[in-house]
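Just below is one structure, and these are the notes that go with it.
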Amino acid sequence: MGFQLEYRTRPIEMERFRRTYQDRERFLACCRECPRYEARWSCPPLSFDVDDFLAPYAWANLLCARIFLDDGTIGAAGTPEKMKTMGWNIVSQVKFELEERLREMEERVPGSLSLSSGGCHRCDPCAREAGQPCRQPDQMRYSLDAFGFDLTAITQDLFGIEILWCRERLPDYFTLIHGILSAAPVPGEVWEAAGLGDGKTTDAGGKGA
Ligand code: SF4
């Protein structure tokens, strides 16, 4: 599978971020249709007060990863089943790697906490299905969606990128939004040190230059 990654970063004040892009009622209604609803601890309904949870963080430092697929990959996904499998394999590879890098970034940004794209897939099945506590609470990170943030508007407004969807074929690119919440904007050099600097591009798997 061939793809290239492009990263963009944007800090935004939490107050403005929530006022502009959070609509819990609207997006939680969508989440209720998702099989992960009430089935993963990373996903709604969240087991804590969202206002209290977000209160320590004055800034949301957002990361948009755009995954450009090469023609061979798009052409190889010739059936709906292949599109689904190959699309998930590519997106999940990038998602898991970003989660890892952002968890590492937390150590360089005191008091910070990262958020992921989509639900947690660290265990199968998630312990929540059996009514058990999360097995890896130190590793699990909540999804931005779980807080009711409008990822389509964020991607378009803050990054100038239109989200593309799978239709008759894989799209030219996928987008993922992750973030790290903090007391102050995360400096560009911290993003750079994590290999996620604004405007940086890498080869498949994020290992390139
Ligand atoms: S780490 Fe495991 S138990 Fe915790 S949310 Fe993720 S899948 Fe569920």
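Applying the selection to segment 2-53, what residues are outside any loop (DSSP other than H, G, I, E, B), within 26 Å of V190 (Cβ to Cβ) and within 16 Å of the ligand (Cβ to nearest atom)? F53, the sole residue that qualifies. Counting only residues that are modelled with pLDDT under 95 and touching a helix residue (DSSP H, G or I) at 6+ places or on another chain (Cβ under 9 Å), segment 5-27 holds 2 of them. Looking across segment 95-135 at every residue that is within 20 Å of F147 (Cα to Cα) and of a type in the set (G, A, S), the one that is nearest to the chain's Cα centre (by Cα) is identified as S117. In segment 116-174, which residues are among the aromatic types (F, W, Y) and touching a Pro at 6+ places or on another chain (Cβ under 7 Å)? Residue satisfying the conditions is W165 alone. The residue of segment 87-113 that is farthest from the ligand (Cβ to nearest atom), among those that are aliphatic (A, V, I, L, M) and within 17 Å of R66 (Cβ to Cβ), is I90.
Annotation note: of S143, S116, the sole residue that is in contact with an Asp or Glu (Cβ under 8 Å, 6 or more places away or on another chain) and either within 10 Å of the ligand (Cβ to nearest atom) or closer than 19 Å to R40 by Cα (or both) is S116. Checking S117 against (1) small (G, A, S); (2) surrounded by fewer than 18 Cβ atoms within 10 Å (Cβ to Cβ); (3) under 18 Å from L63 (Cα atoms), only one condition comes out false. Which one? S117 satisfies all of (1) small (G, A, S); (2) surrounded by fewer than 18 Cβ atoms within 10 Å (Cβ to Cβ); (3) under 18 Å from L63 (Cα atoms) except (2).
For first residues located in segment 106-123 and touching a residue at least 60 places away in the same chain (Cβ under 8 Å), partners that are part of a loop (DSSP other than H, G, I, E, B) and away from the ligand (no atom under 16 Å from the Cβ) and lie 6+ apart or on another chain with Cβ distances below 6 Å form the pairs E106/S112; V109/V186; G111/A183.
Filter segment 165-183 down to the residues that are exposed (fewer than 14 other Cβ atoms within 10 Å of the Cβ) and within 24 Å of L102 (Cβ to Cβ) and list them by number. The answer is A183, and nothing else. For segment 67-84, the criterion of being surrounded by 14 or more Cβ atoms within 10 Å (Cβ to Cβ), in a helix (DSSP H, G or I), at pLDDT below 95 and within 16 Å of the ligand (Cβ to nearest atom) is met by none of the residues.
The values are calculated or read from the model by the stated rules, or taken from the named source; none is laboratory data. Just so you know, these numbers come straight off a predicted model, no measurement behind them. Heads up, the Cβs are rebuilt from the backbone with ideal geometry, glycines too, and the neighbour counts pull from every protein chain shown.
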